[in-house]
């Protein structure tokens, strides 16, 4: 699947300062192709996460459009966009993203049951095994370290089997071994035809990338 | 795992939050249910008392406490043993404006073998009575014979039993329906029986003779019905002037006093319920506001994974509805456990006629209390659901809110 951004930008209002708004992302156009890993790097605060959220259908751009194949994401009603995201787009966000009242295993199965689907137990077992968290299946998120929570979030996204994977600093909490495991998993997903975007301020992911973008002060340039 | 099990997990794995919501709604439902039952029972008690009294005026001996004694006897079943010369009955009947007059004689038992406490024995004249007879006719379809008694609903004996009063055996031929008044603890008999019991009491040295006249010719109270179209107040004045050593009391005045007290108690209960609801709603609002912050991250995850705003609102509302309904159900059951076994205590404390509603009405009040409380819980949660469904997942998860 192709994910395409056409001149998307994002401004935030602010009460103080010389201007009454700040443009975090200047008009940006980029295309993420299926079967490829795209890496977006840049310093903290450069606008990478805002851009990823707009691409994921989570944050309305101030201007511009985002298309998944020919579907304009932000022209959809919330329920249609939510369903499309659930089925086609997997997001691995920064920070903790576990439902604290569910166990690790239940968290991983969660995306599959939101719209009444059958829990993807085989895939869940496989990815828990790949990321070395099988023994934590019954643990609650509060009992997990940052790295374990990160691997749980990645396993959850891959278990759902989306066409597009958008990962925000997926290796931030991981050691080098686990970083390699995660990036290899993304590479295999891309080889299987998935569209993968990895946002990172580290350079580890670049070795796995098919295309690289660099983001600086809200603008991007191809690396 | 499905949506329902997800909801149950959310509730059971946050026991503090869930129990707080259940307790609050239980408190609301309990106050509503108990308050409604108490006020309703008081109103039924008053209506029952009005129905049973059936007289416009009561003439009692002119002792200082007679009016209070009469009221206490009617309301609380306090023993009243006051007497006046039976000739007062003729004088009452002779008074202009009086349509009917019927006497009653009161006697307290020493300790009847039916009861752990003294009971009020009321002798009446079935031929002339218009107060007790219509009421007794509901439970007894033949004339009340000598040494036969009809007992109030709270006298602990059954029809067909015999029990002894002052060593005289009386047969219980009927048991009356509950009135919620002091009359529920009384025993009724005809004039022949009461004279036999008076004689027996005198032999035991219990019955105090009146100062003058024939000891056996006494009455305790005379119930008066005035002629239609006649002013009861005027007749009351005439009776007070015409009958010596007696006081005429208008029942309407007595009922007004009771009704005023009931209105006061009802108002107090309504204010209390109102205060409890305001307090509980404020706490409910605070709990829900806290929940907005506590659950922001969790719900951002659901949004991130593809839940629509509508689904998210629905999930929060369903959780709130389940908690509210459970709380309302528990509160109502707890209310019933608290209010029904203590009927006598409530009645004694309030000093007002108290007649609990029937099972159907109680079930209706319970349903209303449950539905109203659950609805209020859901409405309170609606604002929270609406706010939480607007959560921006990207920013929330990144900020670590």
Along Cα→Cβ, 7 Å out, is where each label goes; now give me the distance between the ones at residue B:343 and residue B:294 in nm to one decimal.
-> 4.1 nm
For the protein assembly as shown, how big is Rg over Rh, using alpha carbon atoms and the Kirkwood form of Rh?
-> 1.33
Folded to 0 to 90 degrees: helix B:3-12 orientation relative to chain B principal axis, Cα | 70 degrees
Whole-Å distance, taken between Cα centres, linking the range B:117-160 and the range B:332-389 = 36 Å
Distance in nm between label sites at residue A:134 and residue B:265, each 7 Å beyond Cα in the beta-carbon direction?
-> 7.2 nm
Taking chain B as the reference, fit the longest principal axis to its C-alpha atoms, fit the long axis of helix B:359-389 to the helix C-alpha atoms, and give the angle between the two in degrees, 0 to 90, nearest 10.
-> 20 degrees
At a Förster distance of 25 Å, what's the computed FRET efficiency of residue B:62 paired with residue B:237, Cβ-Cβ distance as r, to 0.05?
-> 0.95
Computed E for residue B:390/residue B:281 - FRET, C-beta separation, R0 35 angstrom, nearest 0.05 | 0.90
Virtual paramagnetic centre 7 Å along Cα→Cβ of residue A:33, amide N under 15 Å, in the range A:192-212 | A:192-197, A:209-212
Residue B:118 paired with residue B:244, simple spin-label distance in nm, labels 7 Å along Cα-to-beta-carbon = 2.9 nm
Run the numbers on chain B and let me know its relative contact order in percent, using alpha-carbon pairs under 8 Å that are six or more apart.
-> 29 percent
Please identify, among A:204, A:177, A:129, the residue showing maximal mean-square fluctuation in a Gaussian network model of chain A using a 10 angstrom Cα cutoff.
-> A:177
Counting other chain Cβ atoms within 10 Å of each Cβ in A:86-92 and taking the mean gives 3
Ordering of A:135-144, A:36-45 by burial proxy (mean other Cβ atoms within 10 Å per residue, highest first) = A:36-45, A:135-144
Round to the nearest 0.05 the FRET efficiency obtained for residue A:65 and residue B:23 when R0 = 41 Å and r is the Cβ-Cβ distance.
-> 0.25
Does chain B come out rounded, prolate or oblate by the C-alpha gyration tensor, with a ≥ b ≥ c the root eigenvalues, rounded set by a/c under 1.5 and, if not, prolate when a/b is larger than b/c and oblate if not?
-> prolate
So what's the angle, to the nearest 10 degrees on a 0 to 90 scale, between helix B:232-242 and the longest Cα principal axis of chain B?
-> 40 degrees
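Where a number appears in this text, it was derived from the coordinates with a stated rule and is not lab data. No experiment lies behind these values; they were computed from the predicted model shown. In this analysis, Cβ positions are derived from the backbone assuming ideal geometry, glycine residues included, and neighbour counts consider all displayed protein chains.
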